[in-house]
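Undergrad: I'd like to ask some things about the structure below.
The values are calculated or read from the model by the stated rules, or taken from the named source; none is laboratory data. The structure presented is a predicted model; accordingly, all values stated were derived computationally and were not measured. As a convention, Cβ positions derive from the backbone with ideal geometry for all residues, glycine included, and neighbour counts pool all protein chains shown. Heavy atoms of the whole protein, side chains included, go into the accessibility calculation; ligands, DNA and RNA do not. Shrake-Rupley method; radii C 1.70, N 1.55, O 1.52, S 1.80 Å.
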Amino acid sequence: MSRFPDSQNLPASFSLPTRALRGEYKLTGLSVKRAFDLAAGVALLFLLAPLMLLIAGLIRAGDGGPAFFRQARVGRSGKSFRCWKFRTMASDADEALQRLLASDPAAAQEWAESQKLTRDPRITPVGAFLRRSSLDELPQLFNIVSGDMSFVGPRPIVAAERERYGEAFNHCFSVPPGLTGLWQISGRSDCSYATRISLDSQYASDWHLLLDAKILVKTVPAVLMQKGSR
């Protein structure tokens, strides 16, 4: 819903903001959004540093591999950036995925439809817990502080997913990608990919600071109940 009232319900002396003025409102809101992201991101990195060090140690102890995983993702206006996560998969995850998709038609179909697998043999025991609890995404606080991401927005995607958005891509990613968003509080992996795109488009259309606040509040129970996590 637009934040500006319908002209049919206004007195004759009232004039709607021009398109340029609406643009100024959005730019001001984005500036406030960025200030919040920076302040809250730095504070959380400081407060959560002991937990993040513990998680990194557990991952390293599992198979001796790196604790962090970086992947090229597409963000606002199609800009590519390196997205940080805790590593939740085995070191040979890419090769394992290709072997699985080549030998299991059902898994190949599920991957083609959602880019997710209900039973993913690549995920380590520690990684499974991190995914269920969403703790694997804590390193994205670095992306938030650097400005590549926000706390709230559409999830950043890999380049191969861009074509699935079609003409909706530019609109959906006219705002910064987020650590959480409408998709996360609406079921995550329980939603179809088409629903995810629809939610991203809705967020880009309806975005305002109050909506961000509502999504952040609803993210807490969604994470605690592990709604749609896999």
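Undergrad: Looking at the range 126-164, which of its residues are open to solvent by less than 10 Å² (accessible area, probe 1.4 Å) and farther than 19 Å from ALA43 by Cα?
TA: Result: GLY127, LEU130, GLY153, PRO154, PRO156, ILE157.
Undergrad: Assess whether SER192 counts as being of a type outside the set (Phe, Trp, Tyr), without any contact (Cβ under 8 Å) to a residue 60 or more places away in the chain and open to solvent by 30 Å² or more (accessible area, probe 1.4 Å).
TA: No, not satisfied.
Undergrad: Among (1) open to solvent by less than 50 Å² (accessible area, probe 1.4 Å); (2) farther than 28 Å from PHE169 by Cα, where does ALA107 come up short?
TA: Going through the list (1) open to solvent by less than 50 Å² (accessible area, probe 1.4 Å); (2) farther than 28 Å from PHE169 by Cα, ALA107 breaks only (2).
Undergrad: Still on this model: From SER229, SER205, SER201, SER189, which residue is at pLDDT below 85 and part of a helix (DSSP H, G or I)?
TA: Result of the check over SER229, SER205, SER201, SER189: SER189.
Undergrad: So the check is Cβ under 6 Å with 6+ separation or different chains; which pairs have a first residue in the range 31-60 that's closer than 21 Å to SER133 by Cα and a second one that's assigned to a helix (DSSP H, G or I) and open to solvent by less than 50 Å² (accessible area, probe 1.4 Å)?
TA: Correct list of pairs: GLY41/LEU141; GLY41/ILE144; GLY41/VAL145; LEU44/LEU141; LEU45/LEU141.
Undergrad: Looking only at residues that are among the hydrophobic types (A, V, I, L, M, F, W, C) and either part of a loop (DSSP other than H, G, I, E, B) or closer than 12 Å to ARG87 by Cβ (or both) in the range 112-131, which one is modelled with the lowest pLDDT?
TA: LEU117
Undergrad: Let me ask you something else. Considering each residue of the range 141-164, count those that are of a type outside the set (S, T, N, Q), out of contact with any Ser or Thr (no Cβ under 9 Å at 6 or more places or on another chain) and either touching a residue at least 24 places away in the same chain (Cβ under 8 Å) or assigned to a loop (DSSP other than H, G, I, E, B) (or both), and give that number.
TA: 12
Undergrad: Hey, another quick one. Of the residues ALA43, ALA49, ALA61, ALA56, only one is in a helix (DSSP H, G or I), of a type in the set (A, V, I, L, M, F, W, C) and open to solvent by 80 Å² or more (accessible area, probe 1.4 Å); which?
TA: Exactly one of ALA43, ALA49, ALA61, ALA56 is in a helix (DSSP H, G or I), of a type in the set (A, V, I, L, M, F, W, C) and open to solvent by 80 Å² or more (accessible area, probe 1.4 Å), namely ALA61.
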